[in-house]
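Everything below concerns the one structure shown next.
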Amino acid sequence: MRYASINKIEQGEKLGKHIFADDGRILLSEGVTLTIGLLSKLRLMGVSSVFVQDDRFENIEIEEVVSETTKRQAITALAETIQFIQADKEINGKEISLIVGKMIDEVMLNSDVLLHLTDIRTKDNNLFVHLVNVCIISVMVGVQIGLAKARIQDLAVGALLHDIGKTQGKVKKRDIPVGYSSEDELMKHHSWKGFNTLRKVQEISTVSAHIALTHHENVDGSGEPRGMEGKDINFLSKIVAVANDYDHLISNGEDGMSLFPHEACERIMGLTNIRYDHQVVWKFLRCVAFYPTGIQVKLNDGSIGVVIGQHKGLPQRPIVRTYRSDGDDFSFKEVDLAKQTTTFITKVFT
């Protein structure tokens, strides 16, 4: 299996991983043959790259921190939650807590696996995939830091629902605090809308609600919506801030251009102690695969290959299977960058 741009996939290749709808259903199944018509539909849906089956790399498996089944259940729970919010009904906090508990258990069970955000995004499922990804990243960082289970639960719920305010309209008059009006910028910000909704749910802690309110605050005071800084920002919100921006960088990037994971990590590092807390960034970098398994790369000796394995302690030095073609014959060589210290990745392809 390899990860490839839609524009470079040939008719007749087979899909390597499921693509999900915005309610958790399988939209397109693993193994389906990609025709010209299907590839066109995927482009219209906003899909830019997918995993495809490849006999040359058939033994490559993408290790998931959280199972596909659990992620589908989380997306389904989120879809229901948003429907309740938009219908002005109370959301099911118990259901959210249960699915978050499953995600935490799986992250802790797979704590040695580096993060690969491999779910294919469409225009319809993008928000749901983003919320699930931010939750997974946040829990991984929380586990790395050594937070207590109860704090990780608060962190995970806040992370899963951090952008829930984006699905809401204007704040209702009854919810506007004394001294504010509906035209104040704070009342229009999605972080306030999310906080205002979550604080009313009995099964969701005040800490989780405050994560929704403060995940856009920066440690230097330049963030939104209140310009908080340093120690005034809840530590769990600082974790979600990194997770949120990383997922945006690799899915939307700047000016709509997605970054590769190693580029996004560089951007995060460059803003440490400006936007992000140093301790959080340090632990985050130990969780993420800089060069995810399945991605195609070029090495400094000119060889082309596919990343086939990772090293937990050295996320920048994966194992690469290079290949050379002689007609229909292929020769392979595995290069462990952790051992071959003078070999480097110079380019990443999709």
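The values are calculated or read from the model by the stated rules, or taken from the named source; none is laboratory data. Not measured: the values here are computed from a predicted model. Note: ideal-geometry Cβ built from the backbone for every residue, glycine included; neighbour counts use all protein chains shown. Remember, those area values only see protein heavy atoms, side chains included, never the ligands or the DNA or RNA. Shrake-Rupley method; radii C 1.70, N 1.55, O 1.52, S 1.80 Å.
Leaving out same-chain residues fewer than 8 places away, which lysines sit with a Cα under 17 Å from that of Lys339?
Lys312
Roughly how many Å is it from the Cα centre of region 34-99 to that of region 103-150, as a whole number?
Measuring centre to centre over Cα atoms gives 13 Å.
List the residue ranges in the chain for DSSP H helices whose C-alpha atoms run 18 angstrom or more along the long axis and whose Kyte-Doolittle average is -1.0 or above. Before the final figure, lay out each step's value.
On the way: long enough: 68-86 (27 Å, -0.17); 93-109 (24 Å, 0.79); 126-145 (28 Å, 1.93); 235-251 (25 Å, 0.64).
Qualifying helices, which must be both long enough and hydrophobic enough, are 68-86, 93-109, 126-145, 235-251.
Nothing charged except the Cβ atoms of Lys and Arg (+1) and of Asp and Glu (-1): what's the magnitude of the dipole of region 59-115 about its Cα centre? Round to the nearest 20 debye.
Working: 5 positive and 11 negative charges, 50 e Å.
Around 240 debye, computed over region 59-115.
Accessible surface of Phe330 in the full protein assembly, 1.4 angstrom probe, to the nearest 10 Å²?
80 Å²
In this model, which of Lys94/Lys238; Lys283/Lys347; Lys8/Lys102; Lys41/Lys333 are farther than 28 Å apart at the alpha-carbon?
Details: Lys94/Lys238 25 Å; Lys283/Lys347 26 Å; Lys8/Lys102 37 Å; Lys41/Lys333 36 Å.
Lys8/Lys102; Lys41/Lys333, as the Cα separations exceed 28 Å there.
From the residues Ile85, Leu34, Gly16, which one has its Cα farthest along the dipole of region 9-128 in the positive direction, the dipole being from +1 and -1 charges on Cβ of Lys/Arg and Asp/Glu about the Cα centre?
Checked the options; the winner is Ile85.
Can you run the Rg to Rh ratio on region 200-277? Use alpha carbon positions and the Kirkwood inverse-distance Rh. Write out the running numbers ahead of the final one.
Values: Rg = 13.5 Å, Rh = 13.1 Å.
Looking at region 200-277, the ratio lands at 1.03.
Pairs of Cα atoms under 8 Å, at least six residues apart: use those to get the relative contact order of the chain, whole percent.
14 percent
With a 1.4 Å probe and all protein chains in place, put Leu155, Leu28 in order of accessible area, largest first.
Leu28, Leu155
Determine the relative contact order of region 18-124: mean sequence separation of Cα pairs under 8 Å and six or more apart, normalised by residue count, in whole percent.
Details: 82 pairs, mean separation 44.0, N = 107.
Relative contact order, region 18-124: 41 percent.
Need one value: the accessible area of Arg121 in square angstrom, 1.4 angstrom probe, rounded to the nearest 10.
Roll a 1.4 Å probe over it and Arg121 shows about 40 Å².
P(r) for the chain, please, calculated from all Cα pair distances in 20 Å bins and given in %.
Pairs per bin, as whole percents: 29, 56, 14, 1.
Springs between alpha-carbon atoms under 10 Å, Gaussian network over the chain: tell me which of Gln144, Gln202, Gln296 tops the mean-square fluctuations.
Gln202
Hey, with R₀ at 41 Å, roughly what FRET efficiency would Leu271 and Lys8 work out to, going by the Cβ-Cβ distance, to 0.05? Before the final figure, lay out the partial values.
Details: r = 32 Å, r/R0 = 0.78.
Once the sixth-power term is evaluated, E becomes 0.80.
How much of the DSSP beta bridge set in the chain is antiparallel, as a percent to the nearest 5?
Around 95 percent antiparallel, to the nearest 5.
Taking R0 as 45 Å, what FRET efficiency do you get between Phe330 and Lys149 from their Cβ-Cβ distance, rounded to the nearest 0.05?
Rounded to the nearest 0.05, the efficiency is 0.40.
Under a plain spin-label model, where a point goes 7 Å from the Cα along Cα-to-Cβ, how far apart in nm are Lys166 and Leu314?
Simple spin-label model gives 3.7 nm for this pair.
Using a 1.4 angstrom probe with every protein chain in place, what is the largest-first accessible-area order of Trp192, Trp282?
Trp282, Trp192
For region 151-310, compute Rg over Rh where Rg is the Cα radius of gyration and Rh is the Kirkwood radius from the inverse mean 1/r over Cα pairs.
Radius of gyration relative to Kirkwood radius: 1.06.
Find, among the trypsin sites (Lys or Arg not before Pro) in region 281-338, those assigned to loop by DSSP (not H, G, I, E, B) with at most 12 other beta-carbon atoms within 10 angstrom.
The qualifying sites are Lys312.
How big is D, in µm² s⁻¹, for region 236-316 by Stokes-Einstein at 25 °C and 0.890 mPa s if Rh is the Kirkwood radius over C-alpha pairs?
Numbers: Rh = 13.6 Å.
Translational diffusion coefficient: 180 µm²/s.
Take the Cβ-Cβ distance between Glu95 and Gln340 as r, set R0 to 35 Å, and report the resulting FRET efficiency rounded to the nearest 0.05.
0.10
Can you tell me the dipole magnitude for the chain around its Cα centre, using point charges on the Cβ only (Lys, Arg +1; Asp, Glu -1), in Debye to the nearest 20?
So the dipole magnitude of the chain works out to roughly 480 debye.
Can you classify region 1-104 as rounded, prolate or oblate using the Cα gyration tensor, where a ≥ b ≥ c are the square roots of its eigenvalues, rounded means a/c under 1.5, and otherwise it's prolate if a/b beats b/c and oblate if not?
Values: a/c = 3.75, a/b = 1.78, b/c = 2.10.
Oblate, because a/c is 1.5 or more while a/b does not exceed b/c.
Per 0.36 nm of contour for each residue apart, how much would the distance between Phe235 and Lys123 grow if the chain were fully extended, relative to their Cα-Cα spacing?
Numbers: separation 112, 0.36 × 112 = 40.32 nm, distance 3.17 nm.
Extending this stretch completely gives an extra 37.1 nm.
For Lys123, Lys200, what's the largest-to-smallest order of accessible area, 1.4 Å probe? Intermediate results must be reported in sequence, preceding the final value.
Details: Lys123 145, Lys200 100 Å².
Ranked from most to least accessible, the order is Lys123, Lys200.
Over region 40-190, how many percent of alpha carbon pairs lie in each 5 Å bin up to the one with the longest distance?
1, 8, 16, 17, 16, 15, 12, 8, 4, 2, 1, 1, 0, 0
Highest first, please rank the peptides 10-17, 213-220 by the mean number of other Cβ atoms sitting within 10 Å of their residues.
On the way: 10-17: 16.1, 213-220: 22.9.
Most protected by this proxy first, the peptides run 213-220, 10-17.
Can you pull the one-decimal nm distance between simple spin-label points at Asp54 and Val32, each 7 Å off the Cα toward Cβ?
2.2 nm
Debye sum, Cα scatterers, region 110-167, no solvent: what log₁₀ I/I(0) at q = 0.15 1/Å?
At q = 0.15 Å⁻¹ the computed log10 ratios are -0.48.
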